[in-house]
Amino acid sequence: MSRKPEAVTRRQLIAGAGAATASLGVMALSSCDARTGHPWDHETDIVVVGSGVGAATAALAAHENGDAVLLVEKAPTVGGTSAKSAGVLWIPDNFTLRAKGIEDRKADCLEYMARFAYPERYSARGPNLGLSAGEFDLLEAFYDNAADAVDLLRATGALNLAEWRMFQLDRSATDYLDHVPENKVPAGRALGPVTADGGIGLGVHMMEQLHSALQARGLPVFLEHRVVRLVLDAAGRAVGVEAETAGGAVAFRARKAVIFATGGYVHNPAFVTKYQRNRLYGSCASPMATGDFINIAGAAGARLGNMSGAWRTQIVLEEALVSSELASGVFFPPGDSMLQVNRHGVRAVNEHRNYNDRTEVHGVYDPSAAEYPNQLMFMIYDQRTAEAFGGAYPLPEQSSGSPLVLEGATLDALAARIEARLGEIAAQTGEFSLASSFAANLKTTIDRYNDFARAGIDEDFQRGAAGYDREWYAVFSPLQADAGWPANENPSINMHPFRDAGPYYAIMLAAGALDTNGGPAIDAGAHILDTDDKPIPGLYGAGNCIASPTREAYFGAGHTLAMSLTFGYIAANAAHGEPRDSA
Ligand SMILES: Cc1cc2nc3c(=O)[nH]c(=O)nc-3n(C[C@H](O)[C@H](O)[C@H](O)COP(=O)(O)OP(=O)(O)OC[C@H]3O[C@@H](n4cnc5c(N)ncnc54)[C@H](O)[C@@H]3O)c2cc1C
């Protein structure tokens, strides 16, 4: 087993880092720790594991605090799922709100967050708004630190951010629960990266900026180093990590602390089966999201939390059957003459709710039939939606003939086509099938929906009632002017009656995720907690690798990146206060 620093190739250590490392207190060595007896290859104050937004923020904040820091990343490239994302950050009381004179008061924002994350216990009058002290502290820590974290990144030139105007349109992103009275600032909390030429950027631009900042500061990123073990001293303090590389094991000593920001477990099929309450068919997360931290921290006595949680999105079943590693999720189902039905041919959800909450409907259990009637949902649409909205994912440019789309000249023919396809893939879906009443119910469902569309009120699921539904519809569901279909002149832009004549189409949708969000639990200082809720000394976590501080609530565009960034920042600041072991 090699323990020589030579095991690190030049490619693995990001260019530019090497010369600066000695002066920054990061040392390459071949020594043995007198107290743990552990041989070390590299030594620093704070070891950060991962290179997504949580890790990069933690490393930059640690550097600002004067701590020596290095990053250890298992992929051959930096950025994780953060680099695949849209790069949006949900930051309360951010600098753009302040510049406009919009007050995002802490008490108001806490009410919104508590109401959204804990609807079954939220009480405006109760102590801690009805939450436990620990739950409340996490929300408070997020509010108290999120704006400071982005202000630090901006002030140090690490990240260029602006108000996120959705996809460069003149619209501030509306929160995912804008219509509850607790949300006093329903738009404007979302920020987005600004590209070099001044445009609104994506996650890849955000991560490019953050990694340029790491490089400019000479902070090493060890690529293709998969951390597999935490090293604890005799007192149970985290003092380093061991990583696997193609050249053998490499050990990193942390004189102060280890911070993990290694993403969720959505691409670990064994963990998905073990921990998810309902079936997940695929994810658009980085393939590196295999939940390595769960067992690493478990071995150190960490308490796990929120293990069945995920940031959810519907996905296209036909794509997931080819590969569970997906390019995208169905973030917003386009179309107005479009609805979703379950195996009974009835609607079960507001089709224009946000992706995270909408996808929860797949897990609804029918106790009489002992089944999940919405395990698969069928997005049904007519020729108007096919042509006027074609090309807006998941609608193909041409629905007819697409391998993702089932087609029928009539609704009966469409039902028969769906049933036949479900028969072909039965082995991959737990033999999910249509109820015998599907075709009859589908017609009734469409008739009822058509009445709602004409009246402009969805009496069953309130589609189009909330600002979110309308605002995001306008962005994600543009009607193509040259498609030859008239604009929707019904009272609600979100709904249009179906045509009486076919053809009709169906896209099969299943539950998927951006990533999971369960793992070792943290406190408000981002310390990893043991089974007695005591911090494991020297061990911190942020992002999707830990138990989500907001359970499954997704407050608005940018929620998950903001959580990872903010708790990465909190972790670096708390780790700064740890005693430096100079033995
Ligand atoms: C298409 C898409 C769009 C999205 N858009 C948004 C958005 O706009 N806003 C938003 O808030 N969220 C968005 N998300 C979700 C968001 O990208 C993730 O929730 C977020 O990036 C997670 O950040 P993280 O820091 O926890 O982990 P990641 O960014 O996934 O980083 C984890 C890193 O740890 C590394 N790693 C894992 N295990 C180890 C190990 N054992 N040793 C060393 N390294 C390891 C991984 O390789 C990876 O680089 C989107 C997701 C997708 C897929």
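The values are calculated or read from the model by the stated rules, or taken from the named source; none is laboratory data. Worth saying up front: this structure is predicted, and the values here are computed from it rather than measured. Every residue, glycine as well, gets a Cβ built from its backbone with ideal geometry; the counts of neighbours run over all protein chains shown. With ligands, DNA and RNA removed, areas are computed over all heavy atoms of the protein, side chains included. Shrake-Rupley method; radii C 1.70, N 1.55, O 1.52, S 1.80 Å.
Numbers below:
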read-out: Hits in region 385-429 (condition: over 18 Å from Val316 (Cβ atoms) and in contact (Cβ under 8 Å) with a residue 40 or more places away in the chain); value: Glu387, Ala388, Gly408, Ala409, Thr410, Leu411, Ala413, Ala415
read-out: Any hit, region 265-276, residues being small (Gly, Ala, Ser), within 30 Å of Glu371 (Cβ to Cβ) and more than 18 Å from the chain's Cα centre (by Cα); value: yes
read-out: Total residues in region 202-220, condition within 11 Å of the ligand (Cβ to nearest atom) and either in a loop (DSSP other than H, G, I, E, B) or touching a Ser or Thr at 6+ places or on another chain (Cβ under 6 Å) (or both); value: 3
read-out: Residue in region 288-304 that is nearest to the chain's Cα centre (by Cα), counting only those that are open to solvent by 10 Å² or more (accessible area, probe 1.4 Å) and β-branched (Val, Ile, Thr); value: Thr290
read-out: Members of region 524-542 that are within 16 Å of Ala261 (Cα to Cα) and open to solvent by 40 Å² or more (accessible area, probe 1.4 Å); value: His527
read-out: Check on Ala59, more than 8 Å from the ligand (Cβ to nearest atom), assigned to a helix (DSSP H, G or I) and open to solvent by less than 10 Å² (accessible area, probe 1.4 Å); value: yes
read-out: Ser477 at pLDDT 95 or above and in the same structural domain as Tyr505 (by TED's automatic domain parsing); value: no
read-out: Failed item, numbered, when Ala285 is tested on (1) open to solvent by less than 10 Å² (accessible area, probe 1.4 Å); (2) more than 10 Å from the ligand (Cβ to nearest atom); (3) assigned to a loop (DSSP other than H, G, I, E, B); (4) of a type outside the set (D, E, K, R); value: (2)
read-out: Among residues of region 305-324, those that are surrounded by fewer than 17 Cβ atoms within 10 Å (Cβ to Cβ) and within 16 Å of the ligand (Cβ to nearest atom), counted; value: 1
read-out: Those residues of region 86-112 which are open to solvent by less than 30 Å² (accessible area, probe 1.4 Å), part of a loop (DSSP other than H, G, I, E, B) and within 8 Å of the ligand (Cβ to nearest atom), in sequence order; value: Gly87, Val88
read-out: Condition check for Ala481: surrounded by fewer than 24 Cβ atoms within 10 Å (Cβ to Cβ) and within 19 Å of Trp90 (Cα to Cα); value: no
read-out: Residue match in region 360-371 (condition: touching a residue at least 40 places away in the same chain (Cβ under 8 Å) and either touching a His at 6+ places or on another chain (Cβ under 6 Å) or charged (D, E, K, R) (or both)); value: yes
read-out: Which listed residue is of a type in the set (Asp, Glu) and in contact with a helix residue (DSSP H, G or I) (Cβ under 8 Å, 6 or more places away or on another chain), from Asp482, Asp458, Asp447; value: Asp458
read-out: Per-region count, region 260-282, residues more than 11 Å from the ligand (Cβ to nearest atom), in contact (Cβ under 8 Å) with a residue 60 or more places away in the chain and among the aliphatic types (A, V, I, L, M); value: 2
read-out: Members of region 65-74 found to be near the ligand (Cβ under 6 Å from one of its atoms) and either closer than 21 Å to Pro193 by Cβ or of a type in the set (Ser, Thr, Tyr) (or both), listed by number; value: Glu73
read-out: Out of Glu360, Glu387, sole residue that is open to solvent by 40 Å² or more (accessible area, probe 1.4 Å), outside any loop (DSSP other than H, G, I, E, B) and in contact with a Phe, Trp or Tyr (Cβ under 9 Å, 6 or more places away or on another chain); value: Glu387
read-out: Some residue of region 118-128 being near the ligand (Cβ under 9 Å from one of its atoms) and either touching a residue at least 40 places away in the same chain (Cβ under 8 Å) or touching a helix residue (DSSP H, G or I) at 6+ places or on another chain (Cβ under 9 Å) (or both); value: no
read-out: Unmet requirement for Ser51, which otherwise passes all of (1) out of contact with any Phe, Trp or Tyr (no Cβ under 9 Å at 6 or more places or on another chain); (2) in the same structural domain as Tyr112 (by TED's automatic domain parsing); value: (2)
read-out: Strands (runs of 3 or more DSSP E) enclosed by region 499-583 - at least 3 residues per element that are assigned by TED's automatic domain parsing to the domain that holds Leu442; value: 504-516
read-out: Single residue of Gly408, Gly401 found to be under 26 Å from Arg499 (Cα atoms) and open to solvent by less than 20 Å² (accessible area, probe 1.4 Å); value: Gly408
read-out: Condition met for Arg255 (away from the ligand (no atom under 16 Å from the Cβ) and either part of a strand (DSSP E or B) or modelled with pLDDT of 95 or more (or both)); value: yes
read-out: Counted residues, region 417-445 - those being part of a helix (DSSP H, G or I) and open to solvent by 10 Å² or more (accessible area, probe 1.4 Å); value: 15
read-out: Flag if Thr560 is open to solvent by less than 10 Å² (accessible area, probe 1.4 Å) and within 14 Å of the ligand (Cβ to nearest atom); value: no
